[in-house]
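For reference, the structure discussed in these notes is given below.
The values are calculated or read from the model by the stated rules, or taken from the named source; none is laboratory data. Remember, it's a predicted structure, so these values are computed and weren't measured experimentally. As a convention, Cβ positions derive from the backbone with ideal geometry for all residues, glycine included, and neighbour counts pool all protein chains shown.
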Amino acid sequence: MKLQGEQILPGNRDRVWALFNDPERLSRLVPGLEKLEILGPNEFGGTMNVGIAAVKGVYTGKLKLEDIKAPEHYKMVVDGKGKQGFMRGSGTLDLVAKGSTETIVKYAGDVQLGGPIVQVGQRVIDSAAKMLMGQFFAAAGAELKAEAAGTVARQGVTINFFRWIMNLIRGLFRRS
Amino acid sequence: MAAGIVPKFVGSRVKRREDPRLISGNGTYVDDIKLPGMLAAVMLRSPYGHAKINSIDVEAAKKLPGVVAVLTGEDIRGKLPTLITAAPAQNVPYHPALAQDRVRFVGEAVAVAVAIDQYTAQDALDLIEVDYDPLPVITDPEKALEADAPVIHEQFGNNISTRAEVKSGEIDRAMREADRIIKFRLVNQRLAPVPMEPRGAVAQWNPGSEYLTLWSSTQGPHLLRSYLAEVLKLPEHRMRVIAPEVGGGFGCKLNVYAEEVMTAYLAMLLNKPVKWIERRRENLATTTHGRDLITYIEAPVKNDGTILGLKARFICDMGAYLQLLTPMVPGFAGMMMTGCYKVPAMAFEQLMVFTNKMAPDAYRGAGRPEACFIAERTMDMIALELNLDPAEIRRKNFIPKEAFPAQIASGLIYDSGDYEPALDLALKHIDYPKVRAEQAEGRKHGRYIGIGICSYVEICGIGPSPMLPPSMKGGGWESATIRMEPDSKVTVLTGVSPHGQGQETSFAQLVADELGIGIDDVTVVHGDTAIVQYGTGTFGSRGTSVGGAALMMAVQKLQAKMKKIASTMMEVPPDQLTFNNGTIAMASDLTKSIPLQRVVDASYGHKHPIPGIEPGLNEAGFYEPTACTFPFGTHACVVEVDADTGVVKFLRYVAVDDCGRIINPLLVEGQVHGGIAQGIAQALYEEVIYDENGQLLTATLMDYAVPKAEMLPHYELDSTVTPSPINPLGVKGVGEAGTIGSTPCVVSGVLDALKPFGIKNLDMPLKPEKIWRAIQAARKA
């Protein structure tokens, strides 16, 4: 599965970079992420609870950051598995400043999925991945806004789902 | 048929006697077998297409309450030998029932959990930790031949299982003398047989008598018993294999599977009955697939359309391991690829290639759909290249009626045939000249009508035993026992193992007519090795032509014995007697008769023994066919392609089949209907897809496109009757004909519709998207 896209986040590049390098804050933003621990320099271990179509399950995996060029680029190498399948792949993250208050986040990756998750869910995997990405960016946007305003954003599965839906609806109006 | 007897049942539309119990929920399938203390086995399957197994930790799984045993490949290493391939191949890989060291396709069994029920066993699987190292995956058989391709079985050095060449006639001369050589590539995509009932097995071991009973959803219980005996090192007289109701086979249940071996092994190991039932996802991933053949064709032709020879290179995708007959199927395709045509020279090269996929094996037609596709696409290509009529090009090249029995280039001898009447009849039904005119008119207005024609011939009734692989158990013969019980009712034991073909009905029709009794006076028993004498089983449309012939032998022996008894009682020579309406009567005067029951009483009561005649009425027949039968026919269809959407719509579908003499037209039509449905499925809908990582993308029935009723046309059926001289019944076989004739017919029709766009060939399945893209590309060009 190839993933590619870009998103604009409300925050300057340094703040976005800081957020994307803070495991503790990230763990609250990634949908379904139950645990994120630091295994070593730039290496993390995590447990995620994700359901795609009828295939719901817990996945454990490792994430390694490589090729780090602060504050604009890193490469992620992912290796995870669960009872319902496995996931291996890598991707890149690039941050481009857009003025002084916004940052364009560009991501690209190639992920290999296997097991029942593919056999049952392959028709919806692409849209499921897009949804998860959308929820993550919605959460990140809220987090950065709160940070700028000096408040703390509420993070949770439900609220981030609504944030994502709201973003989609706003996107519809922007287009028209 | 005995002299003077008018058949009552043979030839008439007798309803299937199997159906009342099946449609009223009174059938017993493997999953209906419930034994006291029975355990459930569930397989852990590889999520990887190719990976090294570093370790498997089953400790947590074993500790789960209710779990009785957890086994991995290491537990059976040295105890269970490799699974069996009966067909000859040069490189035959070691194929353990549970993977050892490596997994080579998605779905390969890695471990088995046995528990008090399947839910507990499944929970146990979730606790097994397997540490895999993924290895490079190869799923494209042509790429698997490249020098730098990952090697699936390292001991062979490359991915070639077998390379074989067959050459006959002066093919090089044909190539030299041709006005032109037509070259093209054909793909028979990978298909899943999808029987309605998945596989399943129940095994029971009696340690006191050292006797194993195995219920399995199989097409050949005796073959399975012989192979299991070899693998489990058990004597065959202490093994009983039962094929209860079998909900469809289509070739995929003519095999010896890892799960059957493991179920039996576990029952013996644990001294408890064990059941394993396949789930649909397992069925799509780990039951043998079919077809998967890439062919490069070269056809030397004269400018008048005469074909001089046929040359083909086969790339056969064998998957990761070889199942029972995997290497045999492509050979059939090669031997039959010249179809119904005079082709004096032929040559084919087979390259059987390992890939990280499930093994294909026999699937309804097993080689003949591929062969027919080659022959018929070749005819269409010739017609297209030379701008000749596709019907006429076929007529021109047909083997003429006078040539039969006709030896074709591959050496096979076609028993009987008359191909033109079937073609004429099919063309008459669709009103060929009129529909061609409609097509021409339609094209002027952006209507794309296509006319598909397929004249097929296939090989059935296997067959002379030497035709089967030398290492295959059993033979090409078939067996039957007939027993007239003391109340003059009849029990028939047949060695074939019908699972939808309807022999409980057609065999009863034969017997009832022969013995002058009612059809309800006959019961046909099959599928139990402890009851039925050894038989080979049901496959290759052989049930009636071989099994029916064996039954006729047994019937004739019984008739002879009963006539001898009656002869003494009536004081009439036996050869003047006949069976009529519950009596044995004088053929010349049917009123001079004695009731059948009196003869039966005389035999069983034996109060007045006749010298030289044993008591009882029980006779057996073992029939070895001298040759195969070759059914044929022409299918024709009219389709319309919507150029804006690529959707194919059927306007007509006509099938004219010649399966020799017809015992029950209703059964024949049922077989043809089902066959056409599966053939159209290949042409338009179905395809097993693995991604480049070896992941199976068509692992559910949401993704694998088995057609629904509304996706299929109304079938208009007709027949010609050319009896086979090979067997006493004159029958040829019809189990696969529909599958063989329909696929090329539909492809021919769709491509004919697309002719104005200059589209010459498209690979199946001809899905709307594929057709639409081809039209878009053609319009841009």
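Structure values in brief
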read-out: Selected residue [surrounded by 14 or more Cβ atoms within 10 Å (Cβ to Cβ) and at the interface with chain B (Cβ under 10 Å from one of its Cβ atoms)] from A:GLY121, A:GLY141, A:GLY134; value: A:GLY121
read-out: Qualifying residue in the stretch B:91-113 (condition: within 14 Å of chain A (Cβ to nearest Cβ), without any contact (Cβ under 8 Å) to a residue 60 or more places away in the chain and crowded, with 22+ Cβ neighbours inside 10 Å); value: yes
read-out: Some residue of the stretch B:710-730 being surrounded by fewer than 18 Cβ atoms within 10 Å (Cβ to Cβ), at negative phi and within 14 Å of chain A (Cβ to nearest Cβ); value: no
read-out: Pick from the stretch B:125-135, criterion of a type outside the set (Asp, Glu) and within 12 Å of chain A (Cβ to nearest Cβ), ranking: farthest from B:LEU35 (Cα to Cα); value: B:PRO134
read-out: Condition met for B:ALA149 (of a type in the set (A, V, I, L, M) and without any contact (Cβ under 8 Å) to a residue 12 or more places away in the chain); value: yes
read-out: Meets criteria (crowded, with 19+ Cβ neighbours inside 10 Å, at pLDDT 95 or above, under 30 Å from B:GLY365 (Cβ atoms) and touching a strand residue (DSSP E or B) at 6+ places or on another chain (Cβ under 7 Å)) for B:ILE181; value: no
read-out: Enumeration of residues in the stretch B:270-284 that are part of a helix (DSSP H, G or I), surrounded by fewer than 24 Cβ atoms within 10 Å (Cβ to Cβ) and in contact with a helix residue (DSSP H, G or I) (Cβ under 9 Å, 6 or more places away or on another chain); value: B:ARG281, B:GLU282
read-out: The stretch B:637-664: number of residues that are touching a strand residue (DSSP E or B) at 6+ places or on another chain (Cβ under 9 Å) and polar (S, T, N, Q); value: 0
read-out: Count - residues of the stretch B:479-523 that are closer than 22 Å to B:THR218 by Cβ, touching a strand residue (DSSP E or B) at 6+ places or on another chain (Cβ under 7 Å) and surrounded by fewer than 24 Cβ atoms within 10 Å (Cβ to Cβ); value: 5
read-out: Criterion: within 26 Å of A:GLY80 (Cα to Cα), among the hydrophobic types (A, V, I, L, M, F, W, C) and in contact with a strand residue (DSSP E or B) (Cβ under 9 Å, 6 or more places away or on another chain) - qualifying residue of B:VAL106, B:VAL114, B:VAL92; value: B:VAL106
read-out: Residue ranges of strands (runs of 3 or more DSSP E) in the stretch A:30-100 with at least 1 members within 14 Å of another protein chain (Cβ to nearest Cβ); value: A:43-52, A:55-69, A:73-82, A:85-98
read-out: Number of positions in the stretch B:688-709 that are assigned to a loop (DSSP other than H, G, I, E, B) and away from chain A (no Cβ under 14 Å); value: 3
read-out: From the options B:ILE430, B:ILE393, residue that is touching a strand residue (DSSP E or B) at 6+ places or on another chain (Cβ under 9 Å), over 23 Å from B:ASP172 (Cβ atoms) and assigned by TED's automatic domain parsing to the domain that holds B:GLY675; value: B:ILE430
read-out: Boolean, B:PRO327 is assigned to a strand (DSSP E or B) and either crowded, with 24+ Cβ neighbours inside 10 Å or of a type in the set (Ser, Thr, Tyr) (or both); value: no
